[in-house]
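The values are calculated or read from the model by the stated rules, or taken from the named source; none is laboratory data. As the structure is a prediction and not an experimental result, all values here were calculated from the model. Note: ideal-geometry Cβ built from the backbone for every residue, glycine included; neighbour counts use all protein chains shown. Note: areas computed on protein heavy atoms with side chains; ligands, DNA, RNA excluded. Shrake-Rupley method; radii C 1.70, N 1.55, O 1.52, S 1.80 Å.
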Amino acid sequence: MRLVLDWLPIVGRSSVKAVCGLAETLPLLDLEEEDWQSLVLALLACSPYHEAAETRCWATLVLLSLDRSNAVHRILAAKVVSTLCERFSSASEGRRTRDFGNSLAHRVKTRALQALAVVLPLMGEKEEKELLQWLCSSTVQEQQQPSVRYFLEWLMALLVIRNHGLSNYFLELCREGVEQRPGCVASFLASLSLLACHVSDKELLEKCITYVVPWCMAPQYNSRLYAQLTVINIWRHYDEFLTVEEFFNAALLYKISLKTSLPFTSAADESLKATHAAAWVTKAAKVGGVEIVSSEDTGGRKHEVIVVGSLLNKATNLGGLCRTCEVMGAKLLTLPSLALLRDQAFVGLSLSAHNWIPLVEVKTNDVKTYLRDQKLAGYTIIAVEQTAHSVSLANFSFPARSLLLLGNEREGLPCSLLQEVDACIEIPQFGVTRSLNAHVAGSLCLWQYAQQHNGSSSNLQRIKIKLPE
């Protein structure tokens, strides 16, 4: 018997119905290549008409009617999987760019992965390994639409959940994939997070957390977030981690050393177990759910240094400068406009620093007047500019009441403002590039000022981070 299925909505619906109706009695030995190729086309039917959805439903019923114990059914399933993978890979025609949402390529990929999820129980160990390799490769090679990426992540996790023997191979594929395209690490971490939610094998969880923990310190925010959430999921399924309270009982020196078979001290020694956190740990201020604990001998000290950034015009430079000013304890920072506080580029670079340092709006045309007012208030006007009489930053002694004047990124300081300054400082350079970024130059000067006016390194703020319970 030869049953040819057509992908066209109406004809395809009838043909798939026929195969579904005969699935229990037909051994599928008579299905030729056109039959299962047409079955795949029915599974991928992407017409906007209702008939396409019904065609996919009947085609899915054909897959659900297959029996894993039947060798012929397993062969058919393997052919369907192979064809679905080919259709998926050819949908984007080799492009590395992401498909448009709800485009034909996007819908074909989604249908293909949905069908793979249905046929997955029919696969043998060899086919599962090959499919896992293909899924990882598809994750690495292309930037997928979110729905496609979610299916890829879930299918990778599902394969390892069904066959724990694939765990080492999967972790190796993760490492190789990240080396090719670091941006895909979030998908691999998401798969490991799903995996951790559905397994209780401690050995497997240990392998997962060994891979995940280093990513908790990744420079990219997205990677850190995925890694931290994955650690939390693994934590919930592993009962041998230290509790939060144990971290304040010299865990780093005593309990962790015992668990790693590298004892710091004798197990009979009770002195470390009796230790407590320092008194200053209890003095904390909550910021956004994370406790930032400061040493008693700092008190958020402010210096008598003003930074004038009103000549800068790049929001990123001003945002970074704002962050440095707050960290170094500057008295205030001037901006060309307070509207920068609504600029995402400024806020992104300053983080939350703009909430903790006074910001004063001084228009570019008003800088000369502002300098004169501050000079009358007792400030020494210091320009960060290379002139015939400028002094090296390494040899300059900052007065306590200093005003740092930074020039424009491109034009530097205008001559009209150079006439108002009391001193000019320059930063020694040893490379070929002509100048430093304005934000970087200001940061170096602020650090030198802080070094001279902090008294001693013991006055520098010490920070501890306490995770919320």
Point to revise | Output for region 408-427, where each listed residue is open to solvent by less than 60 Å² (accessible area, probe 1.4 Å) and within 40 Å of the chain's Cα centre (by Cα) | key: Asn408, Glu409, Gly412, Leu413, Ile425, Glu426, Ile427
Check your understanding: Going by the structure shown, is Gln144 in a loop (DSSP other than H, G, I, E, B), closer than 27 Å to Tyr211 by Cβ and not aromatic (Phe, Trp, Tyr)?
Key -> yes
Check your understanding: Conditions: (1) open to solvent by less than 20 Å² (accessible area, probe 1.4 Å); (2) not in a loop (DSSP other than H, G, I, E, B). Gln114 meets all but one. Number of the miss?
Key -> (1)
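Could you pull out every one of the helices (runs of 4 or more DSSP H) wholly within region 308-400 that has 2 or more residues that are aliphatic (A, V, I, L, M), over 30 Å from Phe430 (Cβ atoms) and in the same structural domain as Ala438 (by the TED database)? Quick ask: steps written out before the conclusion?
Details: elements: 315-327, 344-350, 367-376.
In region 308-400, the matching helices (runs of 4 or more DSSP H) lie at 344-350, 367-376.
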